[in-house]
Amino acid sequence: LYHALLVEGNARMNLTTVLEPEEAVDRHFLDSLAPVALGLLPQGARAVDVGTGAGFPGMPLLILRPDLQITFLDALNKRILFLEDALKRLGLTAATLHARAEDAAKMAAHREQYDAAVSRAVANAATLEELTLPFVQKGGVAIAWKGPGVADELTAARRAAFLLGGTVRGTVDAPIPRRADWAHVLLLTDKTGTTPKAYPRKAGTPGKKPLGI
Ligand code: SAM
């Protein structure tokens, strides 16, 4: 049903370029579910999907694991409206938030309130640390979907995480069955402290001047 809603929504707005069912299963659905396969999301975990777009990875995670308490966050309201309609039609419950991550992370209802922050295809690793770690409470984890180039981003990501009250744990392989040539990994950053008030910086700055670079 979610795939059908994506096809229907894509006729009205740009949601995804991957809609051929078999490829969507691998590239979107199985890819999104990697943290479940790796046992990274405990029962009932609170998770924010930063830059969720058409709902990746949050929607496949919620479909498979309706125990998760997910907040879908995106700066583009038309995508949030699509997700609100999709949640209703799928009979699922979740929160949605139309905001820039930099602004949402300053709100008391969201700052350091989550067990996990997930994000796929949103920014380079150092920028992502600043867009995700402020949402995560001490003891939680930021999970970023990355490709083969992640090794080049790790030094800056480690420095950025350190400034934000986090510690990069490293990457774990997230292979997709039948797609051995896709080098997909998850970059895991543990929230080991508190994010200083100065972060995240104002909207746009984490992308333009990534910490640690
Ligand atoms: N995560 C989805 C996926 O993997 O298909 C969408 C990826 S899309 C390339 C990036 C999304 O991140 C867009 O929907 C964009 O609006 C959102 N985005 C980028 N920067 C953001 C920010 N600072 N705060 C909130 N959303 C942001």
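The values are calculated or read from the model by the stated rules, or taken from the named source; none is laboratory data. From a predicted model like this one, the values you see are computed outputs, not experimental measurements. Positions of Cβ are backbone-derived with ideal geometry, glycine not excepted, and every protein chain shown enters the neighbour counts. Protein only, heavy atoms only, side chains kept; ligands, DNA and RNA dropped before computing areas. Shrake-Rupley method; radii C 1.70, N 1.55, O 1.52, S 1.80 Å.
Residue by residue through region 119-149, note down the ones that are of a type in the set (A, V, I, L, M), closer than 12 Å to residue 195 by Cβ and in a strand (DSSP E or B).
Step one: of region 119-149, the residues of a type in the set (A, V, I, L, M) are 121-123, 125-126, 128, 131, 133, 136, 141-144.
Of the ones still in play, those that are also closer than 12 Å to residue 195 by Cβ are 131, 133, 136, 142.
136, 142, listed by residue number.
Pairs, please: C-beta under 6 Å, at least 6 apart or cross-chain, first residue touching a residue at least 60 places away in the same chain (Cβ under 8 Å) and in region 93-105, second in a loop (DSSP other than H, G, I, E, B) and more than 7 Å from the ligand (Cβ to nearest atom)?
Within 6 Å, the pairs are 102/200; 105/111; 105/200.
I'd like the residue in region 60-89 that is in contact with a helix residue (DSSP H, G or I) (Cβ under 6 Å, 6 or more places away or on another chain) and within 19 Å of residue 12 (Cβ to Cβ) and, out of all such residues, is farthest from the ligand (Cβ to nearest atom).
86
Out of 183, 174, 198, which single residue is of a type in the set (A, V, I, L, M), open to solvent by 30 Å² or more (accessible area, probe 1.4 Å) and in contact with a helix residue (DSSP H, G or I) (Cβ under 6 Å, 6 or more places away or on another chain)? Outline the logic, then answer.
Values: 174 fails: open to solvent by 30 Å² or more (accessible area, probe 1.4 Å); 198 fails: in contact with a helix residue (DSSP H, G or I) (Cβ under 6 Å, 6 or more places away or on another chain).
Residue meeting the stated conditions: 183.
Can you tell me which residues in region 106-150 are within 15 Å of residue 174 (Cα to Cα) and without any contact (Cβ under 8 Å) to a residue 60 or more places away in the chain?
Listed by number, the residues that qualify are 144, 146, 147, 148, 149, 150.
Of all residues in region 43-52, which are surrounded by fewer than 21 Cβ atoms within 10 Å (Cβ to Cβ) and either within 14 Å of the ligand (Cβ to nearest atom) or under 15 Å from residue 143 (Cβ atoms) (or both)? I'd like the intermediate steps shown before the answer.
At the first step, the residues of region 43-52 found to be surrounded by fewer than 21 Cβ atoms within 10 Å (Cβ to Cβ) are 43-46.
If the condition is that a residue be surrounded by fewer than 21 Cβ atoms within 10 Å (Cβ to Cβ) and either within 14 Å of the ligand (Cβ to nearest atom) or under 15 Å from residue 143 (Cβ atoms) (or both), then 45, 46 are the ones that fit.
Pairs needed: first member in region 201-213, over 19 Å from residue 155 (Cβ atoms) and within 14 Å of the ligand (Cβ to nearest atom); second member anywhere, hydrophobic (A, V, I, L, M, F, W, C) and open to solvent by 30 Å² or more (accessible area, probe 1.4 Å); C-beta distance under 9 Å; at least 6 residues apart or different chains.
Pairs that qualify, where the first residue is over 19 Å from residue 155 (Cβ atoms) and within 14 Å of the ligand (Cβ to nearest atom) and the partner is hydrophobic (A, V, I, L, M, F, W, C) and open to solvent by 30 Å² or more (accessible area, probe 1.4 Å), are 203/75.
Could you look through region 168-184, keep only residues that are of a type in the set (A, V, I, L, M, F, W, C) and touching a His at 6+ places or on another chain (Cβ under 8 Å), and pick out the one that is modelled with the highest pLDDT? Show your work before the answer.
The initial filter retains those residues of region 168-184 that are of a type in the set (A, V, I, L, M, F, W, C), namely 168, 172, 174, 176, 180, 182-183.
Retained after the next criterion (residues that are touching a His at 6+ places or on another chain (Cβ under 8 Å)): 174, 176.
Details: 174: 92, 176: 89.
Only one residue tops the list, namely 174.
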